[in-house]
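Comments concern the structure below.
The values are calculated or read from the model by the stated rules, or taken from the named source; none is laboratory data. As the structure is a computational prediction, the values presented were derived from the model and not from experiment. Don't worry about glycine lacking a Cβ; one is built from the backbone with ideal geometry, like all the others, and counts go over all protein chains shown. Surface areas here come from the heavy atoms of the whole protein model, side chains and all, with no ligands, DNA or RNA. Shrake-Rupley method; radii C 1.70, N 1.55, O 1.52, S 1.80 Å.
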Amino acid sequence: MPTTIIVGTQWGDEGKGRIVDYFAAQADLIARYNGGDNAGHTVKAEGLELGLHLVPSGILYPDKLCLIGAGTVVNPLSLLKEMEMLQGYGVDVSPARLKLAAGAHLILPTHRAMDGASETQRGKEALGTTGRGIGPSYADKARRVGLRAGQMHDPGTFAEAVGALVEAHNERLVRLYGLQAQPVDDIVNQMRKAAETLAPHLVDGASLVGEALAQGKHVLCEGAQGTLLDLNLGTYPYVTSSSPLSGGALAGLGIGPKEVTRVVGVAKAYTTRVGAGPFPTELDDDTGERMRQVGHEYGVTTGRSRRCGWLDTVILRYAAQVNGLTDIALTKLDVLSGIPVLRIAVAYDVDGERHERFPAEWGAEILEKCHPIYEELPGWEEDISEIRRREDLPQNALAYVTRIEALTGIPATFTSVGPKREAMIVNET
Ligand code: IMP
């Protein structure tokens, strides 16, 4: 019966893997609902530090069922690589544990090539995508010409469908982008081989989730990216091509709203963003650099350095509304230790007027004009990474957390204070 959704409240990289890993302990089925291998979660557990891109973070618990849902786009080659990596660490990724929804769409090498080509063509207007072919694969899905994972069930027709799609992509690569065609036979063979291994993992994802819910099992929905990268309600066009929102979990997995018991919004204690696009509280100074160094703000997927800035509660209030958050999980609070004065954006100044709400739908030009109005709070010096009870936090750290709660109206039930699995303060009431 219980369904918990874990969503990112900012531009991704909030540390969702950590929180999913925490909730996975009580879940039966962990299901990824959007995106593809553009995501990167680092999970540290039992002496292991694993970078996951597609496989739900719950895979590290031996008794959990994991699903890659219909709302995702899956590069079969990346998935196989990740499965091999996990097997190398002794993690069971057999079809009994790891399921792939037949409705998920596939990413081919030609999708990746088109992603890169379209970014090059945009020049200075490039979006800064991860180059994983995410946009082109979702575009094929929306154009209703995409390949679905379920087609891997029938090797003969699958190979034909792959060949036809690669040829169509090649035409575009040559004609629109002036690039070389990709080798059709090689891609078909690669995909055919991948399909042999992946076919036993295929399931009807919505049925699997529906049955789990009917049996009273706890379903944990794992989001990738974050609210502001949402295709509908994010900072378009600097967004990804899926819906990382809680609503994306319902549509991407086949769950009705009545089933949802908890929506946990993961928020980094400051803000980061990779790729291009407006970022009102960005810091182009030593404090931003300090956050990057101390917080290891480099992408798990691309290694790109992340842009860093102050916490923005205009964004968090927006995330609270559009996702229906019940809780906040505040991550990386420890990274702020040692910064003498902290700033929190509480509103924006736009052409001399105060705005309390995040104007996502008005697009990048309006966002460029949003100048944060800050509140200042005193920082703390202490190392907080060993603290496990909220009341043991230094007074200023506690004041920072409670101010965020007051500004968003959402309880910060979880606060992570260090990279280790157990470095988490839980304040369930
Ligand atoms: P795409 O998802 O590769 O098409 O990239 C579109 C935008 O989303 C770019 O700004 C990427 O940097 C951003 N993005 C995609 N995945 C992630 C993620 O997991 N974390 C942070 N940003 C991401």
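Quick check on the range 138-145. Is at least one of its residues more than 15 Å from the ligand (Cβ to nearest atom), more than 22 Å from residue 51 (Cα to Cα), open to solvent by less than 30 Å² (accessible area, probe 1.4 Å) and of a type outside the set (S, T, N, Q)? Scanning the range 138-145, I find no residue that is more than 15 Å from the ligand (Cβ to nearest atom), more than 22 Å from residue 51 (Cα to Cα), open to solvent by less than 30 Å² (accessible area, probe 1.4 Å) and of a type outside the set (S, T, N, Q), so the answer is no. The single condition from (1) under 22 Å from residue 141 (Cα atoms); (2) in a helix (DSSP H, G or I); (3) outside the structural domain of residue 147 (by TED's automatic domain parsing); (4) out of contact with any Asp or Glu (no Cβ under 9 Å at 6 or more places or on another chain) that residue 67 fails is (2). For residue 26, the criteria (1) modelled with pLDDT of 95 or more; (2) assigned to a loop (DSSP other than H, G, I, E, B); (3) surrounded by fewer than 24 Cβ atoms within 10 Å (Cβ to Cβ) hold in every case but one, which is (1). Sort out which residues of the range 338-358 are within 27 Å of the chain's Cα centre (by Cα) and open to solvent by 20 Å² or more (accessible area, probe 1.4 Å), and write them in order of number. Matches in the range 338-358: 343, 356, 357. One residue alone among 65, 60 is open to solvent by 10 Å² or more (accessible area, probe 1.4 Å) and at pLDDT below 95, and that residue is 60.
For residue 39, state whether it is assigned to a loop (DSSP other than H, G, I, E, B), within 16 Å of the ligand (Cβ to nearest atom) and either of a type outside the set (S, T, N, Q) or modelled with pLDDT under 95 (or both). Criteria met by residue 39. Screening residue 27 with (1) under 28 Å from residue 135 (Cα atoms); (2) over 17 Å from the mean Cα position of the chain (by Cα) gives one miss only, at (1). Residues that are in a loop (DSSP other than H, G, I, E, B) and hydrophobic (A, V, I, L, M, F, W, C) within the range 226-253 comprise 231, 233, 239, 245, listed in sequence order.
So residue 276 fits all but one of (1) under 30 Å from residue 100 (Cα atoms); (2) touching a Phe, Trp or Tyr at 6+ places or on another chain (Cβ under 8 Å); (3) within 14 Å of the ligand (Cβ to nearest atom); what number is the exception? So the condition that residue 276 fails would be (1).
Please enumerate the residues belonging to the range 219-245 that are open to solvent by 10 Å² or more (accessible area, probe 1.4 Å), in contact with a strand residue (DSSP E or B) (Cβ under 7 Å, 6 or more places away or on another chain) and closer than 17 Å to residue 272 by Cβ. Selection gives 225, 240. Filtered by the rule that a residue be under 18 Å from residue 63 (Cα atoms) and open to solvent by less than 50 Å² (accessible area, probe 1.4 Å), the range 200-218 gives 201, 208, 209, 212, 213, 216, 218. Across the range 243-261, the number of residues qualifying as under 30 Å from residue 335 (Cα atoms) and either among the polar types (S, T, N, Q) or in the same structural domain as residue 418 (by TED's automatic domain parsing) (or both) comes to 2.
Scanning the range 116-130 for residues that are over 19 Å from the mean Cα position of the chain (by Cα) and within 11 Å of the ligand (Cβ to nearest atom) yields 116, 118, 119, 126. Only residues that are open to solvent by 10 Å² or more (accessible area, probe 1.4 Å), of a type in the set (Val, Ile, Thr) and away from the ligand (no atom under 14 Å from the Cβ) were counted in the range 295-334, giving 2. Residue 281 - would you say it is open to solvent by less than 30 Å² (accessible area, probe 1.4 Å), within 16 Å of the ligand (Cβ to nearest atom), under 25 Å from residue 406 (Cα atoms) and among the β-branched types (Val, Ile, Thr)? So residue 281 does not fit the description; no. In this structure, is residue 102 touching a residue at least 40 places away in the same chain (Cβ under 8 Å) and more than 16 Å from the ligand (Cβ to nearest atom)? Against the criterion (touching a residue at least 40 places away in the same chain (Cβ under 8 Å) and more than 16 Å from the ligand (Cβ to nearest atom)), residue 102 qualifies.
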